[in-house]
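Just below is one structure, and these are the notes that go with it.
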Amino acid sequence: MKRLKAVIIKEFKHILRDPRSLAVVFIMPLVQILIFGHVLSFDLKKIETIIIDYDETSLSRELAQRLAASPYYELYSSPKENPAAWKDLHRAEQLLRSGKIKQFIIIPASFARNFNHNPPAPLGMTIDGSDSNIANRIYQYNERILTEFSLKKSDFPNPIQVNIKMFFNPEISSPYFIIPGLVAVLMVMISALLTSLSIAREKEAGSIHLLFISPLSSAEIILGKTIPYLVVALLDGTIIFLFARFWFGVPFRGSLTILFLFSLIYLICGLSLGILISTVAATQKVAMMVALLATLLPSLFLSGFIFPLESLSPILQSFSYIVPATYFLRIIRGVTLKGATLSHFIFEGSILGLMSLFLLTVASLKFQSMRRSGQ
């Protein structure tokens, strides 16, 4: 028992000597349950919708008002938009392609005339099918509202004939939505892991002091440690994307140049986050755990990868704005599934670029502080 007691005491001392790892072990489950408790919701709110009313009768207006009054929908509007633009079908398709709306509903000119007649009144629905789960849920909401409207206004069993068009994913195939999201999550996780070990490795090996006394500036050291991993991350990201494209058959409808450009910015952002973690972490083990915690969970649950951002609580929605995957998910899904162009993602690309610059600057300042203190 004395020998066993000695081993137990020794192991407890090892644990207590690494309080950062211990803190991660205890904090990670709390963070997970906090995120899961708020995120695991399948309810959709504020579905951006445009209603195009070509009929302009009292019946069509009442249907439009019934759709607009639904708690699930939010009519898309902008101060710069001309209200007459909502009669423009091409404009509605552009907004759907850019991701600013989730659906547009067309009430044809013959709606009121054919209501309660045979054939029934036609109604068009065009839904963004890139996310199969959201598309099915939107269709269910539409069907519920139209059923209630029909029961109230007509004695006919089916007074409305709905014509549905699913843009970007006519087959409602889940891999088309999930695989690009997985590519985005894996890219930021791997890039952060690559650089998170670089300076932490120098600390453990004791060679960090050689960098301190070198004639290189702190910014040069940080960039020098980031650029080689950028090449590795680009190669790895290319392999991941090609595997997703040819193994799972994910369509590619956009420009390869645009995707490469934004992927480069996204990887720099992930590498910058990793190098910042490496300057803070004392050991490689801590650096790896923090990198996983900082990339995997937020990218999975706070970026719109699995659950739509509209279903998150306001607090978690605010956190999603600082998750790089939130912006790259829109880019990779927009380019691959929708064939969106460069102009659609200027905002997302700018945010990722500013994030990269900020993280690299903070990492350089942190390394400079370490250098002055000699630790």
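Rank E348, E143, E93 by mean-square fluctuation in a GNM of the chain with C-alpha springs under 10 angstrom and give only the top-ranked residue.
Ranking E348, E143, E93 by mean-square fluctuation puts E143 first.
Report the calculated FRET efficiency for S373 and K5 (r = Cβ-Cβ distance, R0 = 35 Å), to the nearest 0.05. It would help to have the intermediate numbers written out before the result.
Details: r = 39 Å, r/R0 = 1.13.
Result of the calculation: an efficiency of 0.35.
Quick check on the chain: helices-only [θ] at 222 nm, where DSSP H runs of length 4 and up contribute -39,500 (n - 2.57) each and the sum goes over total residues. Nearest 500, please.
Numbers: 15 runs with 242 residues, N = 375.
Value at 222 nm, helices only: -21500 deg cm²/dmol.
Take the Cα pairs of segment 182-284, get the Kirkwood Rh, then feed it into Stokes-Einstein at 37 °C and 0.692 mPa s and tell me D in µm²/s. Can you show the working numbers first?
Working: Rh = 14.8 Å.
Translational D for this selection: 222 µm²/s.
So how far, in whole Å, is the C-alpha centre of segment 184-218 from the one of segment 116-157?
56
Assuming 0.36 nm per residue, please report the length gained on full extension of the stretch F243 to L75 beyond their Cα-Cα distance.
Values: separation 168, 0.36 × 168 = 60.48 nm, distance 3.88 nm.
That works out to 56.6 nm of additional length.
Pick out the long, greasy-scoring helices in the chain: whole DSSP H runs spanning 24 Å or more along their own axis by Cα, mean Kyte-Doolittle at least 0.0.
Working: long enough: 19-39 (29 Å, 1.69); 132-153 (31 Å, -0.77); 174-196 (33 Å, 1.89); 218-247 (43 Å, 1.38); 256-280 (36 Å, 2.37); 284-301 (25 Å, 1.61); 346-373 (41 Å, 0.88).
Membrane-span-like by this rule: 19-39, 174-196, 218-247, 256-280, 284-301, 346-373.
Within segment 90-114, what residues put their amide N at less than 17 Å from the label point 7 Å along the Cα-to-Cβ vector of E56?
106-113
Could you pull out every residue, at least 5 positions away or on a different chain, whose amide H is within less than 5 Å of the one on Y73? Hs are placed 1.01 Å off N in the peptide plane, and Pro or chain starts have none.
When sequence neighbours closer than 5 places are left aside, the close amide H contacts are K46, I47.
If we count other beta carbons within 10 Å of each Cβ, what is the order of S132, S110, fewest first?
On the way: S132 18, S110 14.
In increasing order of surrounding Cβ atoms, one gets S110, S132.
Semi-axes, largest first, in whole Å: what does sqrt of 5 times each Cα gyration tensor eigenvalue give for the chain? Spell out each step's value before the answer.
Numbers: eigenvalues 522, 109, 56 Å².
Taking √(5λ) for each Cα gyration eigenvalue gives 51, 23, 17 Å.
Any read-out appearing in this document is the output of simple, stated calculations on the displayed coordinates, not a laboratory observation. Just so we're clear, the structure is a prediction, and the values are computed from it rather than from any experiment. FYI the Cβ positions are ideal-geometry reconstructions off the backbone, even for glycines, and counts take in every protein chain you see.
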